[in-house]
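The next block holds one structure in the form of structure tokens; read it before the comments.
The values are calculated or read from the model by the stated rules, or taken from the named source; none is laboratory data. Predicted, not measured: the structure shown is a model, and the values here were computed from it. In this analysis, Cβ positions are derived from the backbone assuming ideal geometry, glycine residues included, and neighbour counts consider all displayed protein chains. These accessible areas exclude ligands, DNA and RNA; they are computed on the full protein's heavy atoms, side chains included. Shrake-Rupley method; radii C 1.70, N 1.55, O 1.52, S 1.80 Å.
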Amino acid sequence: MAKAKTQYACQDCGYTTPRWAGQCSGCKEWNTLVEEAVPTKVKAPVMRGGKSLSGDGGTGQAPRMSGAYGASRPQRLSDVTIAERHRIPTGLAEFDRVLGGGAMMGSLTLVAGDPGIGKSTLMTELGRGLDGNTLLYVTGEESAQQVKLRAQRMGVDPDGLYLFPETNVEAILAAAYDLQPDFMVVDSIQTVYRPDLTSAPGSVSQVRESTAALLDVTKTLPTTTFLIGHVTKQGSIAGPRVLEHMVDTVLHFEGDRHHAYRILRAVKNRFGAAHELGVFEMREGGLKEVGNPSALFLSERQFGSSGSAVVCALEGTRPLLVEVQALVASTSYGTPQRTTTGFDAKRLQVLLAVLEKREGLRFSQNDVFLNVAGGVRLEEPAVDLSVALAVASSLRDVPLDSGTVAVGEVGLGGEVRAVSRLDARLTEIKQLGFERAMVPKANMKGLKPPKGLEVIPVRRLAEALDLIC
Ligand code: TYD
Ligand code: MG
């Protein structure tokens, strides 16, 4: 038998090359090329005039298993009918929020997370809300008995749930076409394989080609498919980056395994807002939704202690109130430390520099630690003002006013800049019982704050510091 042809594929970007190299020419990363068998290509039929319209279109990706030219044809724009795409509720309101208001028919969603974080549990929760729909649960990691035991423990026992312990993509496709389920789960994409490729399951080409085949069945049936993906130690989804480009939605399931709270975050969503966030609690009987996460993230707040502040971050469409704690302590060994959890360390350094240069606060002999409660990661600039106040409060050892929430981006000149959707933030701030909000002056025009909430406009960080710290 002739030896199968091999090529080298980048584990990061999926770029393929016939020769090995230390550096990937696609993404310029080092040591990411791995050997794999060349995927067999579907032959494109030759059309009149001898031109082939199918093929890889120069993307370097092999064509899908089916769908070669012939099944679909180019259409005039005016002839394209917009299909009645509809959303099916998953039965978990928080999950639906993150998806953009329910699961979209014909969509492919990647759910990525650390091993043991609760991905299979989340997918089993789908079974609870089936409500007459069918779910094909393909389990490549656990046996049907193991999945059943979990479902029993969670009290999930619907008629429409079909378990299929299989890893061969051809068999999975056959089952999907046969059953035509409303939902399909593939747990996990790293375990499935296409038998016509010689590389091992989990390899770049297997993950890429299997996803292409599953994407095809998802759009053709249509069904709503969730792929489970493991995350590597470095935090990226195991398998090629192209996986993220192929799917419609990428959700990250995160949390500290030692705590009960789990956060489901939309990193990419073709059918809804990115960064949308849902909060769950892992219990004995499965995942429980946390309908009011702000109340939860503020529940362990320490009143009257310095360095504690409340930030209002907009995650997707929802404003979220979270406690941040800063601790400024004198440095005992050499270089001062800046350590953050849930906040960008570089951003903290910028804020410290602004506090030093513009407001005369000194941190050169101090360690600064910053911690965001509840395992939340803050990325929005609107939390700057609160973070700066928390740090200043700890340095001066003066507690901030516990009835006030500050919102605003801090510029390098020490100015407080406008933020987006202040109305929604103020409503949440009022709802959680705060009395005052410090807001950027630039946001005041046309602002209608909720009744009973005092609004204090500030233009500069210095004004904010004078007022509450
Ligand atoms: P699992 O969904 O198997 O994780 P993943 O698929 O991401 O690897 O969940 C693993 C953990 O969740 C396991 O340590 C047990 C815990 N768990 C609960 O606390 N309650 C439950 O109802 C279930 C099913 C699991
Ligand atoms: Mg699992």
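Below are the figures for this structure:
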item: Selection from the stretch 380-419 of residues that are at pLDDT below 95 and farther than 30 Å from Ser330 by Cβ; result: Glu380, Gly403
item: Residues of the stretch 400-410 satisfying the condition of being within 17 Å of Ala353 (Cα to Cα) and without any contact (Cβ under 8 Å) to a residue 40 or more places away in the chain; result: Glu409
item: Test: residue in the stretch 267-285 that is in contact with an Asp or Glu (Cβ under 6 Å, 6 or more places away or on another chain) and of a type in the set (S, T, N, Q); result: no
item: Which numbered condition Gln302 fails, given (1) touching a strand residue (DSSP E or B) at 6+ places or on another chain (Cβ under 6 Å); (2) farther than 26 Å from Ile117 by Cα; (3) at pLDDT 90 or above; result: (3)
item: Test for Arg425: is it among the basic types (Lys, Arg), in contact with an Asp or Glu (Cβ under 7 Å, 6 or more places away or on another chain) and closer than 23 Å to Leu348 by Cβ; result: no
item: Restricting the stretch 185-203 to residues that are part of a strand (DSSP E or B) and within 16 Å of ligand 2 (Cβ to nearest atom), the residue that is modelled with the lowest pLDDT; result: Asp187
item: Qualifying residue in the stretch 198-214 (condition: surrounded by fewer than 17 Cβ atoms within 10 Å (Cβ to Cβ), farther than 22 Å from His252 by Cα and without any contact (Cβ under 8 Å) to a residue 60 or more places away in the chain); result: yes
item: Within the stretch 94-123, considering residues that are open to solvent by 20 Å² or more (accessible area, probe 1.4 Å), small (Gly, Ala, Ser) and within 16 Å of ligand 2 (Cβ to nearest atom), the one farthest from Arg257 (Cα to Cα); result: Ser120
item: Top-ranked residue of the stretch 257-271 - restricted to ones that are open to solvent by less than 30 Å² (accessible area, probe 1.4 Å) and away from ligand 1 (no atom under 16 Å from the Cβ), ranked as farthest from Glu315 (Cα to Cα); result: Asn269
item: Residue list for the stretch 277-297, restricted to those being modelled with pLDDT under 90, outside any loop (DSSP other than H, G, I, E, B) and open to solvent by 20 Å² or more (accessible area, probe 1.4 Å); result: Ala295, Leu296
item: Of residues in the stretch 157-197 being within 16 Å of ligand 1 (Cβ to nearest atom) and open to solvent by less than 10 Å² (accessible area, probe 1.4 Å), the one farthest from Gly14 (Cα to Cα); result: Val185
item: Residue list for the stretch 124-149, restricted to those being surrounded by 15 or more Cβ atoms within 10 Å (Cβ to Cβ), of a type outside the set (Val, Ile, Thr) and within 14 Å of ligand 1 (Cβ to nearest atom); result: Glu125, Leu126, Gly127, Arg128, Tyr137, Gly140, Glu141, Glu142, Lys148
item: Residue check, Glu244 more than 17 Å from Arg377 (Cα to Cα), away from ligand 2 (no atom under 16 Å from the Cβ) and surrounded by fewer than 16 Cβ atoms within 10 Å (Cβ to Cβ); result: no
item: Scan of the stretch 151-183 for residues that are within 16 Å of ligand 2 (Cβ to nearest atom) and in contact (Cβ under 8 Å) with a residue 40 or more places away in the chain, ordered by number; result: Arg153, Met154, Val156
item: Among the candidates Gly334, Gly413, residue that is assigned by TED's automatic domain parsing to the domain that holds Val311, farther than 19 Å from Glu463 by Cβ and part of a loop (DSSP other than H, G, I, E, B); result: Gly334
item: Test set (1) aliphatic (A, V, I, L, M); (2) over 26 Å from Cys13 (Cα atoms); (3) open to solvent by 10 Å² or more (accessible area, probe 1.4 Å) - Ala274 fails condition number; result: (2)
item: Long-range neighbours under 7 Å by Cβ, at least six apart or interchain, first residue closer than 19 Å to Gly414 by Cα within the stretch 335-353, second open to solvent by 70 Å² or more (accessible area, probe 1.4 Å) and part of a strand (DSSP E or B); result: none
item: Residue check, Glu428 of a type in the set (Asp, Glu), closer than 28 Å to Ser299 by Cβ and surrounded by fewer than 17 Cβ atoms within 10 Å (Cβ to Cβ); result: no
item: Criterion: in the same structural domain as Ile429 (by TED's automatic domain parsing), charged (D, E, K, R) and within 21 Å of Ser402 (Cβ to Cβ) - qualifying residue of Glu315, Glu300; result: Glu300
item: Yes/no for Gly91 being on the phi > 0 side of the Ramachandran plot, within 16 Å of ligand 1 (Cβ to nearest atom), surrounded by fewer than 24 Cβ atoms within 10 Å (Cβ to Cβ) and at pLDDT 90 or above; result: no
